[in-house]
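One structure is given below, encoded as structure tokens.
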Amino acid sequence: MDVVPIELFGVSIDLPLPKPVSMRSTVLEDFARDLCDPLKGIGVRPAQCQLVGRDLLYQYELNATFFEGNGTLVRTPERLRVAVRNARNWADWQLVHQTFCRVHSLVELDSKSVSSLAMQAQVRFVSHSERERYLRSFASNRTVARPGALGHVRIPDWEYEVRMVIEDSNLLPAGVCVSCETQYRNDQDWESFIGSVPTMFAAGANAFSLGFEPFAGTPS
């Protein structure tokens, strides 16, 4: 198994809300206020929030940015989508973990509903030739110019299959892009569940003989 460092990573979630919320609802106003609370929410400044409406009922989007533009939040009447990109190390992961836990606590979720989760990482091999050797293992023959891997992985203690994609990176020299998509039920203990996301991601990559070094700065 090849073990490589993660240079950049990002995580996104897509939560279904139990019932539509209109733009005139106090629920939306309370959510925006709590989002700006540094203790209860994620400390978004009011200037970073924008409500774009096309009528006064359900045609709107509440948008917010944070982490110097690397974090985005979009709330519509029926869904809440949150994404963080360009994270690099253990400290960044702690911020992502805390942010996602707080976002889940800010909205009412149907415990029987299912949310979507995606994670992506850019990893670096020691050389271009090592990267090519690894990716070439997925080529059925030499006519495949840019080999990669796609598969649905079953991971112990994870309820849903994990769709894994591995291909060469367009960002890093000698890099590989690893991404996953999966789902989860909204009846979790969020602190421990979100904390397990990197472990799930690593287990999915392990199925393709790829391992990750700990995040830079991880406590020993």
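The values are calculated or read from the model by the stated rules, or taken from the named source; none is laboratory data. All values derive from a computational prediction rather than experimental measurement. Note that we place each Cβ from the backbone using ideal geometry, even for glycine, and neighbour counts take in every protein chain shown.
Overview of results
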read-out: Strands (runs of 3 or more DSSP E) within the stretch 101-168 that include 2 or more residues among the acidic types (Asp, Glu); value: 162-168
read-out: Residue that is under 21 Å from the mean Cα position of the chain (by Cα) and touching a residue at least 12 places away in the same chain (Cβ under 8 Å), where the choices are Arg131, Arg124; value: Arg124
read-out: Inter-residue pairs, beta-carbon under 7 Å, first assigned to a helix (DSSP H, G or I) and in the stretch 180-201, second among the β-branched types (Val, Ile, Thr), 6+ apart; value: Val197/Val11; Met200/Ile155; Met200/Val162
read-out: Residue match in the stretch 79-87 (condition: in contact with a helix residue (DSSP H, G or I) (Cβ under 9 Å, 6 or more places away or on another chain), at pLDDT 90 or above, assigned to a helix (DSSP H, G or I) and not hydroxyl-bearing (Ser, Thr, Tyr)); value: no
read-out: Subset of the stretch 45-54 [in contact (Cβ under 8 Å) with a residue 24 or more places away in the chain and over 11 Å from Ala32 (Cβ atoms)]; value: Gly53
read-out: Residue that is part of a helix (DSSP H, G or I) and either in contact with a strand residue (DSSP E or B) (Cβ under 8 Å, 6 or more places away or on another chain) or at pLDDT 95 or above (or both), where the choices are Ala47, Ala91; value: Ala91
read-out: Checklist (1) of a type outside the set (S, T, N, Q); (2) surrounded by 13 or more Cβ atoms within 10 Å (Cβ to Cβ); (3) in contact with a Ser or Thr (Cβ under 9 Å, 6 or more places away or on another chain) applied to Asp92, failing item; value: (3)
read-out: Residue under evaluation Arg131, criteria (1) of a type outside the set (Phe, Trp, Tyr); (2) exposed (fewer than 11 other Cβ atoms within 10 Å of the Cβ); (3) closer than 23 Å to Pro214 by Cβ, criterion not met; value: (2)
read-out: Flag for Val107 being modelled with pLDDT of 95 or more and under 20 Å from the mean Cα position of the chain (by Cα); value: no
read-out: Residue in the stretch 75-114 that is farthest from Pro18 (Cα to Cα), counting only those that are in contact with a Pro (Cβ under 9 Å, 6 or more places away or on another chain) and of a type in the set (Phe, Trp, Tyr); value: Trp90
read-out: Residue count, the stretch 156-212 (criterion: of a type in the set (S, T, N, Q) and either more than 26 Å from Arg79 (Cα to Cα) or out of contact with any strand residue (DSSP E or B) (no Cβ under 7 Å at 6 or more places or on another chain) (or both)); value: 8
read-out: Phe193 being out of contact with any helix residue (DSSP H, G or I) (no Cβ under 8 Å at 6 or more places or on another chain), of a type in the set (Phe, Trp, Tyr) and crowded, with 16+ Cβ neighbours inside 10 Å; value: yes
read-out: Hey, Val11 part of a strand (DSSP E or B) and loosely packed, with under 14 Cβ neighbours inside 10 Å or not; value: no
read-out: Set Val82, Val74: member being of a type in the set (Val, Ile, Thr) and touching a residue at least 40 places away in the same chain (Cβ under 8 Å); value: Val82
